[in-house]
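Input: a single structure, listed below in structure tokens.
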Amino acid sequence: AIDTITFDQGLSGTITLTSNLPQITESLTITGPSGPESVTISGDNQWNMFSVSSGKLLTLSELTFTKCGNGYDYGFHGFGGSIIALESSDAVVTSITVTGNNDGGSAGALFSRNHSTLTISNSTFSDNSTTIIGSNYGTTPEFTNVDPSNRIVVTGSTFEFNSGVIFSTERYVKIDNCVFSRNTNTIGDFRGLNAYRVLNSEFTENQHSGYGALFSFSNSNLANGW
């Protein structure tokens, strides 16, 4: 089985999907060309990209993702991500660009479900109107547990000019050394009995265009309601 896809250095251009990509059933590493030029994968506003089977690992780097589909065709009953969908699986993402995504479905562009981990570093998310990072519920960690089995960790990344919700999650989230600039919707819609950490990050000229707040924390299981 093929477990590594490496693009030649110097390649650039756009790969436009004409159907959903096949489900990833073995661990897979995909590496784009480094440098100022990039290979872009476009969902043509209708097709979905990487659905990772249980127990498998997807490693992505040096690629751009745009025009994602609506995330409804992964078998998650409408709750699968349109760029990355994790079902008790893992993804490590480095130096990618996510831009111009307008229809990520109810889950958003990157979605983790059940015992999944999503680790993102040194990446850029710009000009997206869909929810960017979503999840279903996660097991409640001890607050001192820095490595729970259900987690989303984002480091060294930039979020700018997004009009969709950036995080819509119900599991442990750690944001470290990130920049949020000129976004116009909720940055973190954090729900559930969980731990959320925002560290060493910069927030500049963000505003909420409607009713709400840049950060929201809620839980429906408290004794006195929300």
Per the Kirkwood formula over distinct C-alpha pairs, the hydrodynamic radius of the chain in angstrom is 17.5
Under-5 Å amide H pairs with VAL179, H placed in peptide plane, nonlocal only: SER157, THR158, PHE159, GLU202
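Report the GluC sites (Glu not before Pro) located in the stretch 26-68 that are in a DSSP loop and have at most 13 other Cβ atoms inside 10 Å of their Cβ, or state none.
Taking the stretch 26-68 and a limit of 13 other Cβ atoms within 10 Å, the loop GluC sites (Glu not before Pro) found are GLU26, GLU37.
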Residue by residue through the stretch 91-101, what is 3J(HN,Hα) from phi via Karplus (6.51 cos²θ - 1.76 cosθ + 1.60, θ = phi - 60°)? Round to whole Hz and write x for glycine and proline. 9, 10, 10, 9, 6, 10, 10, 10, 8, x, 9
In Å², what does the accessible area per residue of the chain work out to with a 1.4 Å probe? 46
Take the alpha-carbon centre of the stretch 1-66, take the same for the stretch 199-220, and report the distance between them in whole Å. 31
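Ignoring ligands, DNA and RNA, what percent of the accessible area of the chain is carbon or sulfur (1.4 Å)?
Here it works out to 49 percent.
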For ILE120, other-chain or 5+-apart residues with amide H closer than 5 Å (H placed, Pro excluded) are VAL93, VAL153, VAL154, THR155
Sequence-distant residues sharing a close amide H with THR14 (under 5 Å, placed H): THR40
3J(HN,Hα) from dihedral phi, the stretch 198-208, Karplus parametrisation 6.51/-1.76/1.60, rounded to Hz, x for glycine, proline: 10, 10, 6, 10, 10, 10, 9, 6, 8, 8, 9
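The values are calculated or read from the model by the stated rules, or taken from the named source; none is laboratory data. This is a predicted model, so every value here is computed, not measured. Using ideal geometry, Cβ is built from the backbone for each residue, glycine included, and neighbour counts are taken over all protein chains shown. Heads up: the accessible areas ignore ligands, DNA and RNA and are worked out on the full protein's heavy atoms, side chains in. Shrake-Rupley method; radii C 1.70, N 1.55, O 1.52, S 1.80 Å.
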